[in-house]
Amino acid sequence: MRQHSISMTRHTDKGTIRYYKLELFSTLFGEFVVERVYGNAQFKAPTGVKKEFFDSFDDAVAMFENLLKQKERRGYKNARFR
């Protein structure tokens, strides 16, 4: 299985930069994980890390795409690293 990963950022009205990283990968036990890492770019440590486990790849992809659409609606855009 190919690993799916996307990093997104959003500039707030207060001038801070929020980031959100979504990742979909398989475990050694055949499960699929959707991992979310998010926070403020000014801080070293993330604000939060959440992992959700799925038995089905299709369910994991559906969750990944749902979260991606949700973040796009909230103003997050693909991060462009230099």
Got a sec? Which of VAL49, VAL33, VAL37 is over 17 Å from LEU68 (Cβ atoms) and hydrophobic (A, V, I, L, M, F, W, C)?
VAL49
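For segment 29-82, name all the residues that are assigned to a loop (DSSP other than H, G, I, E, B) and either among the hydrophobic types (A, V, I, L, M, F, W, C) or more than 15 Å from ARG18 (Cα to Cα) (or both).
Of the residues in segment 29-82, the ones assigned to a loop (DSSP other than H, G, I, E, B) are 29-31, 41-47, 55-56, 74-76, 79-82.
Of everything in segment 29-82, those that are assigned to a loop (DSSP other than H, G, I, E, B) and either among the hydrophobic types (A, V, I, L, M, F, W, C) or more than 15 Å from ARG18 (Cα to Cα) (or both) turn out to be PHE29, GLY30, GLU31, ALA41, PHE43, ALA45, ASP55, SER56, ALA79, PHE81, ARG82.
Give me a count of the residues in segment 1-60 that are of a type in the set (Ser, Thr, Tyr), under 14 Å from the mean Cα position of the chain (by Cα) and within 18 Å of GLY75 (Cβ to Cβ). Steps first, answer last, please.
At the first step, the residues of segment 1-60 found to be of a type in the set (Ser, Thr, Tyr) are 5, 7, 9, 12, 16, 19-20, 26-27, 38, 47, 56.
Checking the rest, the ones that are also under 14 Å from the mean Cα position of the chain (by Cα) come to 5, 7, 9, 19-20, 38, 47.
Still in the list and also within 18 Å of GLY75 (Cβ to Cβ): 7, 9, 19-20, 38, 47.
Within segment 1-60, residues that are of a type in the set (Ser, Thr, Tyr), under 14 Å from the mean Cα position of the chain (by Cα) and within 18 Å of GLY75 (Cβ to Cβ) number 6.
For (1) surrounded by fewer than 16 Cβ atoms within 10 Å (Cβ to Cβ); (2) in contact with a strand residue (DSSP E or B) (Cβ under 9 Å, 6 or more places away or on another chain); (3) of a type in the set (A, V, I, L, M); (4) at pLDDT 95 or above, each residue gets a yes or a no:
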position	(1), (2), (3), (4)
SER5	yes, yes, no, no
LEU24	no, yes, yes, yes
ARG36	no, yes, no, yes
GLY39	no, yes, no, yes
ALA45	yes, yes, yes, no
SER56	yes, yes, no, yes
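The values are calculated or read from the model by the stated rules, or taken from the named source; none is laboratory data. Being a predicted model, the structure only gives us computed values, none of them experimental. Methodologically, a virtual Cβ is constructed for each residue, glycine included, from the backbone with ideal geometry; neighbour enumeration extends over all protein chains shown.
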